[in-house]
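Where a number appears in this text, it was derived from the coordinates with a stated rule and is not lab data. Quick caveat, the model's predicted, so the values are computed rather than measured. Neighbour counts are summed over all protein chains in view; Cβ atoms, including those assigned to glycine, are modelled from backbone coordinates with ideal geometry.
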Amino acid sequence: MRHKVKGRKLSRTASHRKATLRALTTALVKEHRIVTTVAKAKELRRFVEPLITRAKEDTHHNRKEVFSSLQDKSTVSLLFDEVGPKSKDRPGGYTRVIRIGFRQGDGAEMAVIELVDFNDVQPEGKATKKKRTRRAGKSNTPTSTKQDSEASAVEETVAEEVSEDTETAEESTEEVSAEAEETTEDAQEVESSEEDTEEKK
């Protein structure tokens, strides 16, 4: 049983694990955003957040404590001069871990860990779908204006087709009526010619 056992071994010895976390912290402080596995990101968060808390108050003692953890002067100066002052008003939670999928080679789950105060725009990940409860009914309001615009475009095309059809129908009826008038005139002429021939007889 793992009662009260904290932390992850990350398949490393103690010294190797410490060196890994130092390297990850250096990269995070310099770049403000790195990509690593989820396990390393969560372990890095536990390691780096107390250091940022110390960096908020620039004293000689705090610098010595942070240096004992990092063993890198340039990283310590960056932490106290840049990261600490920017995180002054934040009471903890200086980092953000965002899962970004699985690595192609070995299928390890990957994540982005970033400093919140330096990365206001979140990276594009999976589209968050709004959860619906089972009892919630469908809303009566239209879902999107895109569907409305498509529907109006379809209605306009149908109306144009109908108007064209009516115009062609009117033209055809006019032609038919003209032809009918011509045929009636021809019939009347034939009848009159027949009557003239009968009278002559």
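Multiply the residue separation of E31 and S77 by 0.36 nm, subtract the distance between their alpha-carbon atoms, and state the gained length in nm to one decimal.
Details: separation 46, 0.36 × 46 = 16.56 nm, distance 1.44 nm.
Between E31 and S77, full extension yields 15.1 nm more.
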- [ ] Express in nm, to one decimal, how much length is gained between K4 and V97 on full extension, taking 0.36 nm for each residue of separation and deducting their alpha carbon distance.
- [x] 31.1 nm
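Which value, in nm² and rounded to one decimal, describes the direction-averaged projected area of the C-alpha convex hull of region 14-118?
The Cα convex hull of region 14-118, projected and averaged over all directions, gives 6.6 nm².
So for region 14-118, averaging the separation of alpha carbon pairs under 8 Å that are six or more residues apart and normalising by length, what relative contact order in percent results?
35
As an exercise, use a Förster radius of 45 Å and the Cβ-Cβ distance of H61 and D106 to find the FRET efficiency, rounded to the nearest 0.05.
Values: r = 43 Å, r/R0 = 0.95.
Efficiency at R0 = 45 Å is approximately 0.55.
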- [ ] Calculate the spin-label point distance for R22 paired with T53, positioning each point 7 Å from the Cα along the beta-carbon direction, and give it in nanometres.
- [x] 2.3
